[in-house]
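The values are calculated or read from the model by the stated rules, or taken from the named source; none is laboratory data. This structure is a prediction, so every number in the text was calculated from the model and none was measured. Here the Cβ positions follow ideal geometry from the backbone for every residue, glycine too, while neighbour counts run over all protein chains shown.
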């Protein structure tokens, strides 16, 4: 019976070797995952973006900005307080940090057009996780 197991294992190995080669995109994703270079998120424009961990100087900025927003109810950051102020700018500051290394062309206006509330919450969750922060 042990002989059958070895034969099955050898067959599995040959099947794995016979598979098609990886595309460049697949290889890059495997490398990013292995190197822990970031997490991917797909936005409303259909593109997949990689959110990398922040540099130390930016992580400090992220920690300060996280104190100014509501991470649980993203839409609440758009509401104005009695003085007419909202947390919208702080929210966009945080979201734009996610794209500052890989997509320098990202702006608040563009992000507002391609990112929904659920995706914004996910971007913040990714940034907190990648940078080892807890709110």
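Worth pointing out:
- Condition check for residue 5 on (1) assigned to a helix (DSSP H, G or I); (2) within 27 Å of residue 132 (Cα to Cα); (3) modelled with pLDDT under 90: one failure, at (2).
- Residue ID - surrounded by the most Cβ atoms within 10 Å (Cβ to Cβ), chosen from residues in the stretch 93-103 that are within 15 Å of the chain's Cα centre (by Cα) and under 17 Å from residue 65 (Cβ atoms): 98
- Which numbered condition residue 33 fails, given (1) at pLDDT below 95; (2) over 16 Å from the mean Cα position of the chain (by Cα); (3) under 22 Å from residue 132 (Cα atoms); (4) not in a loop (DSSP other than H, G, I, E, B): (2)
- Residues of the stretch 61-83 satisfying the condition of being in a helix (DSSP H, G or I), in contact with a helix residue (DSSP H, G or I) (Cβ under 6 Å, 6 or more places away or on another chain), without any contact (Cβ under 8 Å) to a residue 40 or more places away in the chain and surrounded by fewer than 17 Cβ atoms within 10 Å (Cβ to Cβ): 78
- Scan of the stretch 100-109 for residues that are part of a helix (DSSP H, G or I) and closer than 24 Å to residue 59 by Cβ, ordered by number: 108
- When residues in the stretch 112-135 are screened for being in a helix (DSSP H, G or I) and closer than 16 Å to residue 50 by Cα, 13 of them pass.
- Scanning the stretch 104-130 for residues that are more than 22 Å from residue 79 (Cα to Cα), surrounded by 16 or more Cβ atoms within 10 Å (Cβ to Cβ) and touching a strand residue (DSSP E or B) at 6+ places or on another chain (Cβ under 9 Å) returns 106, 126, 127, 130.
- Residue check, residue 68 modelled with pLDDT under 95 and touching a strand residue (DSSP E or B) at 6+ places or on another chain (Cβ under 7 Å): no
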